[in-house]
1. Tally the residues that are open to solvent by less than 20 Å² (accessible area, probe 1.4 Å), among the β-branched types (Val, Ile, Thr) and under 29 Å from Lys250 (Cβ atoms), restricting the search to the stretch 8-50.
2. Could you tell me which residue of the stretch 162-180 is nearest to Arg214 (Cα to Cα), considering only residues that are at pLDDT 95 or above and open to solvent by 40 Å² or more (accessible area, probe 1.4 Å)?
3. Quick one: count up the residues across the stretch 211-224 that are under 14 Å from Tyr178 (Cβ atoms) and either open to solvent by 20 Å² or more (accessible area, probe 1.4 Å) or without any contact (Cβ under 8 Å) to a residue 40 or more places away in the chain (or both).
4. It is to be established whether one or more residues within the stretch 51-70 are open to solvent by 10 Å² or more (accessible area, probe 1.4 Å) and over 30 Å from Ile141 (Cα atoms).
5. Just to be sure I understand the filter: pairs with C-beta atoms under 7 Å, separated by 6 or more residues or on different chains, first member in the stretch 159-186 and touching a residue at least 60 places away in the same chain (Cβ under 8 Å) and within 19 Å of Glu94 (Cα to Cα), second member of a type in the set (Gly, Ala, Ser) and part of a helix (DSSP H, G or I). Which pairs pass?
6. Where residues in the stretch 89-103 are in contact with a Ser or Thr (Cβ under 9 Å, 6 or more places away or on another chain) and at pLDDT 90 or above, which of them is most open to solvent (accessible area, probe 1.4 Å)?
7. Which one is farthest from Tyr164 (Cα to Cα), of the residues in the stretch 185-207 that are part of a helix (DSSP H, G or I) and open to solvent by less than 30 Å² (accessible area, probe 1.4 Å)?
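The values are calculated or read from the model by the stated rules, or taken from the named source; none is laboratory data. Keep in mind that this is a model prediction, so the values were computed, not measured. All Cβ positions, even for glycine, are placed from backbone atoms using ideal geometry, and neighbour counts span all protein chains on display. Side chains included, ligands, DNA and RNA excluded: accessible areas come from the protein's heavy atoms. Shrake-Rupley method; radii C 1.70, N 1.55, O 1.52, S 1.80 Å.
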Amino acid sequence: MTIEEIIQEFSREDCVLPKEAMQWSLDHWEEVLPSFISALNDPSIGPRHPNDPRFFIFHLLGEMKEQRAHKQLCRLSAVDPEEIESILGGTTTEGLGQILISTFDGDPASLMQLIEAAGADQYIRSQALDALTYVYAVGRIADFDMLSYVRRLGEELEPKLSSYVWTTWAETVARFGYEELLEVYKSRAAEGLIEEFTLLPSEFEGLFALSKQRGPLAVFEHDRIKPYGRAIETLSTWHAFSPEAQRAAKDEGNEDAGDIVDDYLDALVLPVKAENPYRNVGRNDPCPCASGKKFKKCCLPSLV
């Protein structure tokens, strides 16, 4: 395949996962890497295609643990939230942290800049903090004072209003069992910066206790924070590439068929037993709507 053919496959609109192009890229990595990195730095590549091919490039870089692209990934992730949403889609809330962990190049500066980029997407900033704390916990950063950094974030982090990055900051305090920052955590929670639907006080206490008992890595495992796996295998589980999504995309323009279905459903009245479909869903579990996101980052906010 040529790089032009790969980019074309990565840009398709039919919700079909471009497995052949992805596998070819993995098998010819050194051949495609320069073009992939060039694409990351090209702001016009998205508008030139129906869908932004950088979505798949991000995931492939994660699988290949490509440290040579880490700084570019962080820099691109810090762009305007609407722009990064058009590039990464669901990766803005799930998956980017794993990619940043896998591509980490040993220098925390790029992750720190992304964490502190007040104008960046809140979920991306939170995943950057997840990534920084994970690589620190597993010993991939030398001579770094994490306690001092988390303490500074607790005082200086923006915005000073409810944001998911504050939730992740609080989780960081719990993951490392930082007793020195408990009062700061309580103050930020009292100020309303940490929404209870994303992190209940009891959940914070549970994570804190788990860290004290078994160490930070046990908490990272509990929160499913880890390096990225295999791109094709991972994306094959996403609803966006499911047969249901493909059928929906195919039927999207068929307004007559939609009207017929809507009329039928409007006329159909059946007794339904009241039941809470979210009763047994944990905050960190996959959302029942099949979006691929964690429940607390998807449907939970609309239920509280």
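1. So the count comes out to 1.
2. So the residue we want is Glu179.
3. Quick first cut of the stretch 211-224, residues under 14 Å from Tyr178 (Cβ atoms) only: 211-212, 215-216, 219.
Checking which are either open to solvent by 20 Å² or more (accessible area, probe 1.4 Å) or without any contact (Cβ under 8 Å) to a residue 40 or more places away in the chain (or both) leaves us with 211-212, 215-216.
So the count comes out to 4.
4. Checking the stretch 51-70: at least one residue is open to solvent by 10 Å² or more (accessible area, probe 1.4 Å) and over 30 Å from Ile141 (Cα atoms).
5. Listed by first residue and then by second, the contacts come to Tyr164/Ser126.
6. Out of the qualifying residues, it is Gln98.
7. If we take residues in the stretch 185-207 being part of a helix (DSSP H, G or I) and open to solvent by less than 30 Å² (accessible area, probe 1.4 Å), then Leu207 is farthest from Tyr164 (Cα to Cα).
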